[in-house]
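The values are calculated or read from the model by the stated rules, or taken from the named source; none is laboratory data. Because the structure is a prediction, the values reported are computed rather than measured. With ideal geometry, Cβ positions are generated from the backbone for all residues, glycine too; neighbour counts draw on all protein chains shown. All accessible areas refer to the heavy atoms of the entire protein, side chains included, with ligands and DNA or RNA removed. Shrake-Rupley method; radii C 1.70, N 1.55, O 1.52, S 1.80 Å.
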Amino acid sequence: MSDPWPSVTAQRTTASTSVFLTTFGLILASIVALLVVDLWLARIDARESRVHALHLYEDGESLLARSQPTEAADRFASAQALQRSDVRYGVALAEALLADGRVRDAEAQLRSVLDRAETDGAANLVMARILAREGRLDEAVAYYHRAIYGGWPADSSARALRARLELIDLLARRSAGRGLLAELLPLQDADPDSVALRRRLGHLFVLAGSPERALPLFRELLKRDPDDGDAYAGMGEAALLLGNFRTARADLAIATRLIPDSSRFASVLQLADTVLALDPLARGIGGAARRERARRVLQLSAEAMTTCGRGTLSPQLADSVRVLLGAHDGASSSGGADDADALLDLASELWSRRDVSCSSGQSAAMRALALIQKKLA
């Protein structure tokens with residue numbers, strides 16, 4: 001038997017479905033609204049967190065600039081806790097710890113940062129400073145290179161240049177000649193309009209034992225300013241290393257005249273005078289003077305060998321020195337050239353046997369001897 005009220009049942013079913021859909025829609029809309037509100041509140045919270053972290057970071061920077069590293073470290077640590085993904089705060093914390101003398105803590109902090117951002121230029125630069133502070137030069141150099149070629153948020157070329165110059169200063173202080181020259185070479189063609197940089201590079205090339213690269217830089221400076229006393233001083237120092245002793249003396253004299261209140265050229269000028277008086281290869285000095293200078297060079301070389309060799313001359317070398325020096329006591333001017341050559345040959349042999357890592361003294365005579373031996377070689 002069929003339902004007597006089919007239309008009523010259909011209406012009830014349709015009404016129930018409509019109520020369900022309406023209710024479901026309201027619930028879904030409420031959920032979406034709650035999600036939107038939650039996301040909005042989360043964004044507000046994240047924005048406030050970023051702003052608060054930035055304020056803490058700025059406070060820390062100010063404290064660090066005022067030589068208050070302990071307080072600065074606290075600010076940076078709080079900023080890092082709020083924004084762990086921001087590398088700046090971790091690097092700043094390491095800098096503050098380093099400034100506070102907590103070297104081990106600074107290294108541990110940086111290693112944590114570098115685990116997440118191994119190519120970050122600033123992080124690698126601070127790690128290099130930490131390792132340099134600990135005397136781990138080879139490791140420090142490696143991190144300086146990572147900083148030079150690493151990523152920087154802005155002004156990357158200028159920051160990379162500053163990192164390289166910082167490395168160069170470190171190597172210059174450690175007298176690492178070969179390593180210093182390797183770092184200087186990429187800067188040889190640096191901005192020609194930067195007078196300060198070109199001047200600095202010129203003196204560093206002299207320090208690195210590459211005077212031939214220094215001379216063009218100083219000549220450029222003198223073209224810009226013919227009265228540049230510092231450039232004349234650099235020219236003089238380069239000429240000394242190249243064995244051009246008279247030229248060196250003349251350039252240093254000009255530097256002293258142009259900068260009369262500067263005392264830093266006095267020792268170099270004294271060295272130039274000493275090497276000129278000792279140089280056995282100087283032109284026009286005559287056979288007797290050449291022989292006497294060669295004799296003095298041999299005496300000084302024997303002293304250097306004793307200081308920087310095995311402590312004493314071997315019996316064979318000692319006999320050779322004694323015989324040659326004794327044979328030329330009061331010698332006449334005849335045969336002067338051959339006599340001087342024999343003296344200088346033995347002096348060169350002694351010099352070649354000395355320990356190159358040993359300093360034979362800082363007297364003007366020994367420094368002059370080193371320049372003359374370089375010229376003889």
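Points to keep in mind about this one:
- Relative to its residue count, the stretch 71-230 spans a Cα convex hull of 125 Å³ per residue.
- What a 1.4 Å probe finds exposed on the chain is 54% carbon and sulfur by accessible area, rounded to a whole percent.
- Taking N as its residue count, the alpha carbon Rg of the stretch 152-289 over 2.2 N^0.38 Å: 1.19
- The sum of -39500 (n - 2.57) across all DSSP H runs of n ≥ 4, divided by the residue count of the chain, sets its helix-only mean residue ellipticity at 222 nm to -25000 deg cm²/dmol.
- Judged by the mean number of other Cβ atoms found within 10 Å, the most tightly packed of the peptides 288-301, 57-70, 222-235, 240-253 leads the ranking 288-301, 240-253, 222-235, 57-70.
- Against the main long axis of the alpha-carbon atoms of the chain, helix 229-241 sits at an angle near 60°.
- Largest to smallest principal axis extent of the C-alpha atoms in the stretch 107-172, angstrom: 29, 26, 12
- Tail weight of P(r) past 19 Å, computed on alpha-carbon pairs of the stretch 28-155, percent: 55 percent
- Inter-probe distance in nm under a simple model that places probes 7 Å from Cα toward Cβ, at E220 and A65: 3.3 nm
- Here the chain is treated with +1 on each Lys and Arg Cβ and -1 on each Asp and Glu Cβ, and its dipole about the Cα centre works out to around 680 debye.
- Our analysis of the chain gives Rg over Rh at 1.37, with the two radii drawn from alpha carbon positions and Rh computed by the Kirkwood formula.
- Whole-Å distance, taken between Cα centres, linking the stretch 228-260 and the stretch 75-147: 43 Å
- In the elastic network of the chain, a GNM with C-alpha springs shorter than 10 Å, the most mobile of A33, A282, A190 is A33.
- Spacing of the two label points (7 Å from each Cα toward its C-beta) at A182 and S352, in nm: 2.7 nm
- Take every pair of alpha-carbon atoms less than 8 Å apart whose residues are at least six positions apart; their mean separation over the length of the stretch 92-230 yields a relative contact order of 13 percent.
- Normalising the average separation of contacting C-alpha pairs (under 8 angstrom, six or more residues apart) by the number of residues puts the relative contact order of the stretch 132-196 at 22 percent.
- Derived scalar couplings ³J(HN,Hα) [the stretch 153-169; Karplus, 6.51 cos²θ - 1.76 cosθ + 1.60; whole Hz; x for Gly, Pro]: x, 7, 6, 5, 5, 5, 5, 5, 5, 5, 5, 5, 5, 5, 5, 4, 5
- For D279, distant residues with modelled amide H under 5 Å away: none
- The coefficient of translational diffusion for the stretch 166-236, derived via Stokes-Einstein from the alpha carbon Kirkwood radius under 37 °C and 0.692 mPa s, stands at 272 µm²/s.
- Long-range tail of P(r) for the stretch 226-315 (Cα pairs > 23 Å, %): 40 percent
- Between helix 103-116 and the chain there is an angle of about 60 degrees, using the helix long axis and the longest principal axis of the Cα atoms.
- Cut-off under 5 Å, modelled amide H: who pairs with G151 long-range: D120, G121
- Candidates L344, L325, L221: whichever shows maximal mean-square fluctuation once the chain is modelled as a Gaussian network with Cα springs under 10 Å: L325
- Between T22 and L276, the distance separating the two model label sites (each 7 Å from Cα on the Cα→Cβ line) works out to 11.2 nm.
- Rounded to 10°, Cα long-axis angle of helix 266-278 versus longest principal axis of the chain: 40 degrees
- The chain, accessible area per residue, ligands and nucleic acids excluded (1.4 Å, Å²): 55 Å²
- Potential lengthening of the chain between A196 and A266 amounts to 22.9 nm, from the contour at 0.36 nm per residue minus the alpha-carbon distance.
- Residues V36 and D155, FRET efficiency given R0 of 35 Å [Cβ-Cβ distance, rounded to 0.05]: 0.30
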